[in-house]
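Encoded as structure tokens, the structure appears first; notes follow it.
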Amino acid sequence: MFLEISAIKKSFGEGENRTEVLKGIDLSVEKGEICVLLGPSGSGKSTLLNIIGGIDSADSGSITISGDKLEDMNEKALTNYRRKHLGYVFQQYNLIPNLNIKENVEVGAYLSSSPLDTDELLKTLGLYEHRHKLPNQLSGGQQQRTAIGRAIIKNPDLLLCDEPTGALDYKTSKEILSLIGEINSKYGNTVIMVTHNDAIKNMADRVVKLRDGVIRKNYLNEVKISASELDW
Amino acid sequence: MRDPLIKRLPRELREELGKYLVIFLFFVMLIGSVSGFIVADSSMIDAYEEGFEKYNIEDGNFELASEADSDLISVLEEKGGIKLYRNYYKEEYTSPFDSKLRVFGARNEVDKVCIMEGSEPAASDEIALDRLYARNHKLEVGGTFRLEEKELKVCGIAALSDYSALYEKTSDMIFDNDKFGVGVMTDEGFASVRDDHIHYSYSWIYNEKPADDIEAKDKSEELVKVLSENAVLVNYIPEYINQAIVFAGNDMGNDKVSFTAFLYITVAVLAFIFAITTESTIQKESGIIGTLRATGYTRGEIIRHYMILPMTVLLVGAVVGNILGYTLLEKYMASMYYDSYSLPTYTVRFSAEALIKTTLVPFAIMFAVNLAALVRKIRLSPLRFIRHDLSRKQRRKAFRLNTRIGIMIRFRLRIIFQNIPNYITVFIGIFLADAILFFGLSFEPMLDSFRESIIDNQIAENIYILKAPAETSAPGAEKAATDSLEISFDGFKAEDVSIYGITDGSRYVSIDSTGDGVYISSAFRDKYSLDKGDSFTMKEKFGSKEYEFKVAGFYEYPSTIAVFTGLDRFNELFGYESGHYNMYLSSSEITDIDDKLIATRITSDDLTKTSRQLVRSLGDITKIFVGFGVVMFVLVIYLLSKIIVEKNARSISMVKILGYTNSEINSLYVHTTTIVTALSLVLTIPLADRLIALIFKIVFKNYSGYFPYKASPVIMLETFIIGAVSYALIALLLNRRVKATPLAEVLKNVE
């Protein structure tokens, strides 16, 4: 198993204000799977993603990725873990505003000893002609494609996407989802995608539904459709 | 209803407490020092000016070759429209103190004495001594010392109203209260001191006081003619050019201008820092601002909100600074003058000028700079704020960088270009800090080196100016002649120039006296930027005859504005008989000439007194300069580089998530500041050097004499090292800040 999550618990606040966000999550994800975490606001899906990404820590439980246990890692080891294994895509893109599009992607490439070809990737992403522009000169969809490019240029084992279409319109959202699907097919990365859009589950290999910090459903899709066929 | 935004202010203050506290303390220190200085300065200037009437300070004095009888005095008083007062003095070398003491008789009518401690002399063996001279030689009331063969008792510590600056001669570049002092005795006591070095000096008061210096000049030009026609005039010093009287007043006035200018420049730099900080806050809070604007808050209300904190910090800093200025710092600042000048007592007075200069003007500068920056920023539409689109130029294009340059270098370059206003302010701040630091560090070593150079280049170990020709058999003694003329170049204060007539083949001064030109000292050349072949004109000091000279060469003599020519030519020029001389240059001490025939003996002490006195006067202040420079350096760089890190917190957080290590992130966001700081240091140190050299040139236009500004490379290196070490501390703080930037920053809403 590529990713093993076992009895993860996480709470925020103290005393009366203490809220248990994750109440013991167990989950396994195979290498190359697209796993969609579904759930309403406050269900704990983003918290779980952040714990998997090593940018937040669990109160208890264990996460193992390719045999390495996250809870045993210190800050330096976690940095190395993110550097080697992870690509991150956020709803808000989080591009570096003073770097142009190509440079934003190169920031990701710098971290890998064998990154993908930047120009080739920019062409794949449809950004090549925009490569000298600053992020604020592009549309939301183009910015999100840049963020995806930055995440996958180092060809990570695990691509974490937190509401990647949350800020995009229907058409652009579908383009982005198609792109994620294509990347998964082409490079074989494992994708864990957080979304509250129920329709997206149809492009996933695995669907995990969370509510109130507990996994309500966890199943493999029998029929998986391409992102272009999604509708909502 | 009360503006609800006000409730945010305490929170904003808490969040940025460190920054506001540092700036507050800097303001307190800056405004306190300047306020203390202006209060002390103004109060002392008032006391100094009131002293002219209170102590009946003379309108001038002159010295005659011999005592004037009552007939001559009547003639001079009548023809000159003046009242004359006998103000004879005797000047003796006091061997225990290795200095000269000028003693006067009782002064009851003119140039009265302010007794600061003890009492006026009552017995013939009592003397009231100048406060600084007494202090420098550890003499207190009740103490005794020998003046030639006479034992004197110090009965009082005094300030002589016509010697607020202890100038021995008004033509000296500066006074030296260690090597020269004044004191008053009773008339009987004065008479009991030997007459060998008596000076028949008379002070005058005009029957009708001149209205200003222009009229005083006209009157004194008339008076000198009357005196020259009726008596043998040895010396003539109208009050308005008497450095011993006017220097302290002028200096205190000039210092006030310099301190105030320094305050304004520093406040302007801090105002720019605040403006940049506020701009960065606006960037951070643009969504909030957009929403507030969209819900009806006016631009004015938003601007007011963002101006309250900086203006309050300045105002509170100014209030605390002024309180300190009036209490603790006033005494410290006053002591700097009291360490240099023999000023009478003064009382601290409220100074409206201090309030205006240290509070109102800085407030206005801060207000104007911040208002301009905010108005420019807040002008954008609410929608632009909500969209976080605050760039002035819509859809600004990124300029291209060669992709062959590594991404990390390009990243750093982009950070530099993104923060150009911050870095320009860093550059200006470093320049100012460096100039202050550089001056503080270079001043004493420069004077030491100047002193060494004077000693290395003195004409002869012993120089004797004679009252009348006298032969000597001292080995190495060489006859020469000296006189002085006055030079007045455009833009320069008129000053005395010593002319030396040197014998052919002199063993002391090597010049070619065959041509028609003269040699000028290196100090003369440097001060007036003269070159070989240039001509200049000088005139008699107490007459109107003019002399034209052509520069044939230079003689390395850094301490004095002087002209060297052959002895024969000298005598011809001034109309003396061939063979005339009035000076000996000698490698050995001359002991076979009657002391009465020697007017002055010039030793290396005389030549180096300028540097000694400058060290004494400004030694403490240069240490303050060093401290102030370091504080300013740290403050400017820290505040501005902190803004850069804060502004990029989201990007820093993102690259952390991507897997960049802290050292890699530091290499991006902190090392850019390191590069800019290092470059600024390297560039601004020579600029600071040039600036101080320029200031020296300008300052010396208003002073007699000259000394060359020269900072050694060691000082430049020291300045760089102090800058680098200070920056290392800042970099450490910035590294910690980068490390503390949370990964979750990107998960936050943009506000």
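Condition first: part of a loop (DSSP other than H, G, I, E, B), in contact with a Ser or Thr (Cβ under 6 Å, 6 or more places away or on another chain) and of a type outside the set (G, A, S). Now tell me which residues in region B:697-746 satisfy that.
B:T741
State all residues of region B:663-677 that are of a type in the set (S, T, N, Q), surrounded by 19 or more Cβ atoms within 10 Å (Cβ to Cβ) and within 14 Å of another protein chain (Cβ to nearest Cβ); if no residue qualifies, say none.
B:N666, B:T672
Here is a list: B:A364, B:A354. Which entry is at pLDDT 90 or above, over 17 Å from B:T291 (Cα atoms) and assigned to a helix (DSSP H, G or I)?
Residue meeting the stated conditions: B:A364.
What's the number of the only condition in (1) more than 14 Å from chain A (Cβ to nearest Cβ); (2) in contact (Cβ under 8 Å) with a residue 60 or more places away in the chain that B:F720 fails to meet?
Tallying (1) more than 14 Å from chain A (Cβ to nearest Cβ); (2) in contact (Cβ under 8 Å) with a residue 60 or more places away in the chain, B:F720 fails exactly one: (2).
What pairs come out if I take residues in region B:1-28 that are within 18 Å of B:K284 (Cβ to Cβ) and pair them with residues that are modelled with pLDDT under 85 and hydrophobic (A, V, I, L, M, F, W, C) whose C-beta lies under 9 Å away, six or more apart or interchain?
Going by the 9 Å Cβ cut-off, the qualifying pairs are B:K19/B:L639.
Go through (1) touching a residue at least 24 places away in the same chain (Cβ under 8 Å); (2) touching a Ser or Thr at 6+ places or on another chain (Cβ under 7 Å) one by one and return the number of the condition B:A494 breaks.
(1)
Condition first: assigned to a loop (DSSP other than H, G, I, E, B) and of a type in the set (S, T, Y). Now tell me which residues in region B:574-606 satisfy that.
Within region B:574-606, B:Y576, B:S578, B:Y581, B:S587, B:S588, B:T591, B:T603 meet the criteria.
Among the numbered conditions (1) away from chain B (no Cβ under 14 Å); (2) buried (at least 23 other Cβ atoms within 10 Å of the Cβ); (3) in a loop (DSSP other than H, G, I, E, B), tell me where A:S173 comes up short.
(3)
Give the residue that is nearest to B:E589 (Cα to Cα), with candidates limited to residues of region B:476-535 that are touching a Leu at 6+ places or on another chain (Cβ under 8 Å) and of a type in the set (D, E, K, R).
B:E478
Could you grab me the full set of residues in region B:335-367 that are over 15 Å from B:L30 (Cα atoms) and among the small types (G, A, S)?
B:S335, B:S340, B:S342, B:S351, B:A352, B:A364, listed by residue number.
For A:G188, which of the numbered conditions (1) closer than 22 Å to A:I5 by Cα; (2) surrounded by 15 or more Cβ atoms within 10 Å (Cβ to Cβ) fails to hold?
(2)
Results for (1) free of Cβ contacts under 8 Å to residues at least 40 places away in the same chain; (2) within 14 Å of chain A (Cβ to nearest Cβ); (3) touching a helix residue (DSSP H, G or I) at 6+ places or on another chain (Cβ under 8 Å), shown as yes or no for each residue.
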residue: B:G406; (1), (2), (3): yes, yes, no
residue: B:R410; (1), (2), (3): yes, yes, yes
residue: B:I416; (1), (2), (3): no, yes, yes
residue: B:N419; (1), (2), (3): no, yes, yes
residue: B:Y423; (1), (2), (3): no, yes, yes
residue: B:F427; (1), (2), (3): no, no, yes
residue: B:A435; (1), (2), (3): no, no, yes
residue: B:G440; (1), (2), (3): no, no, yes
residue: B:F443; (1), (2), (3): no, no, yes
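Report whether or not B:V22 is surrounded by fewer than 19 Cβ atoms within 10 Å (Cβ to Cβ), among the β-branched types (V, I, T), part of a helix (DSSP H, G or I) and not assigned by TED's automatic domain parsing to the domain that holds B:Y163.
yes
If you scan region A:96-115, which residues turn out to be under 10 Å from A:R150 (Cβ atoms) and more than 8 Å from chain B (Cβ to nearest Cβ)?
If the condition is that a residue be under 10 Å from A:R150 (Cβ atoms) and more than 8 Å from chain B (Cβ to nearest Cβ), then A:I101, A:N104, A:V105 are the ones that fit.
Of the residues that sit in region A:122-139 and are outside any loop (DSSP other than H, G, I, E, B) and modelled with pLDDT under 90, which one is nearest to the other protein chains (Cβ to nearest Cβ)?
So, considering only residues that are outside any loop (DSSP other than H, G, I, E, B) and modelled with pLDDT under 90, the one nearest to the other protein chains (Cβ to nearest Cβ) is A:Q137.
Name the residue that is nearest to A:K217 (Cα to Cα), counting only residues in region A:1-37 that are modelled with pLDDT of 90 or more and of a type in the set (D, E).
Residue satisfying both the conditions and the ranking: A:D26.
Can you spot a residue in region B:721-735 that is farther than 25 Å from B:K656 by Cα and touching an Asp or Glu at 6+ places or on another chain (Cβ under 6 Å)?
Taking every residue of region B:721-735 in turn, none turns out to be farther than 25 Å from B:K656 by Cα and touching an Asp or Glu at 6+ places or on another chain (Cβ under 6 Å).
Taking the criterion of being away from every other protein chain (no Cβ under 14 Å), surrounded by 15 or more Cβ atoms within 10 Å (Cβ to Cβ) and in contact with a Phe, Trp or Tyr (Cβ under 7 Å, 6 or more places away or on another chain), would at least one residue in region B:727-745 satisfy it?
yes
B:A271: free of Cβ contacts under 8 Å to residues at least 60 places away in the same chain and not assigned by TED's automatic domain parsing to the domain that holds B:D176, yes or no?
no
Restricted to region B:636-660, and to residues that are charged (D, E, K, R) and more than 7 Å from every other protein chain (Cβ to nearest Cβ), which residue is surrounded by the fewest Cβ atoms within 10 Å (Cβ to Cβ)?
B:E646
Search region A:117-128 for residues that are without any contact (Cβ under 8 Å) to a residue 60 or more places away in the chain and pair each with any residue that is assigned to a loop (DSSP other than H, G, I, E, B) when their beta-carbon atoms are under 7 Å apart and the residues are at least 6 apart or on different chains.
Final answer for the pair search is A:T118/A:I153; A:L121/A:I153; A:L122/A:R131.
When you look at B:S680, is it within 14 Å of chain A (Cβ to nearest Cβ) and part of a helix (DSSP H, G or I), yes or no?
The answer is no for B:S680.
I'd like the residue in region A:67-91 that is part of a loop (DSSP other than H, G, I, E, B) and more than 7 Å from chain B (Cβ to nearest Cβ) and, out of all such residues, is farthest from the chain's Cα centre (by Cα).
Filtering region A:67-91 for residues that are part of a loop (DSSP other than H, G, I, E, B) and more than 7 Å from chain B (Cβ to nearest Cβ), the one farthest from the chain's Cα centre (by Cα) comes out as A:N74.
Before we move on, is A:S46 touching a residue at least 12 places away in the same chain (Cβ under 8 Å), over 23 Å from A:I153 (Cα atoms), assigned to a loop (DSSP other than H, G, I, E, B) and out of contact with any Pro (no Cβ under 8 Å at 6 or more places or on another chain)?
Considered against the rule, which asks whether it is touching a residue at least 12 places away in the same chain (Cβ under 8 Å), over 23 Å from A:I153 (Cα atoms), assigned to a loop (DSSP other than H, G, I, E, B) and out of contact with any Pro (no Cβ under 8 Å at 6 or more places or on another chain), A:S46 comes out as no.
Taking region B:134-165 as the region of interest, how many residues are among the acidic types (D, E), within 30 Å of B:D251 (Cα to Cα) and surrounded by fewer than 19 Cβ atoms within 10 Å (Cβ to Cβ)?
Here the count works out to 1.
Could you list, in sequence order, all residues of region B:476-533 that are more than 27 Å from B:T170 (Cα to Cα) and not in a loop (DSSP other than H, G, I, E, B)?
Once the filter is applied, which keeps residues that are more than 27 Å from B:T170 (Cα to Cα) and not in a loop (DSSP other than H, G, I, E, B), region B:476-533 yields only B:E478.
Quick one: would you say A:A204 is within 14 Å of chain B (Cβ to nearest Cβ) and in contact (Cβ under 8 Å) with a residue 60 or more places away in the chain?
No: the conditions fail for A:A204.
If A:P40 meets every condition in (1) out of contact with any helix residue (DSSP H, G or I) (no Cβ under 8 Å at 6 or more places or on another chain); (2) over 16 Å from A:G213 (Cα atoms); (3) at pLDDT 90 or above; (4) assigned to a loop (DSSP other than H, G, I, E, B) apart from one, which number is that one?
(2)
The values are calculated or read from the model by the stated rules, or taken from the named source; none is laboratory data. Here the structure is a predicted model, which means the values were calculated and not measured. Because the Cβ atoms are built from the backbone with ideal geometry, glycine has one as well, and the counts that use them run over all protein chains shown.
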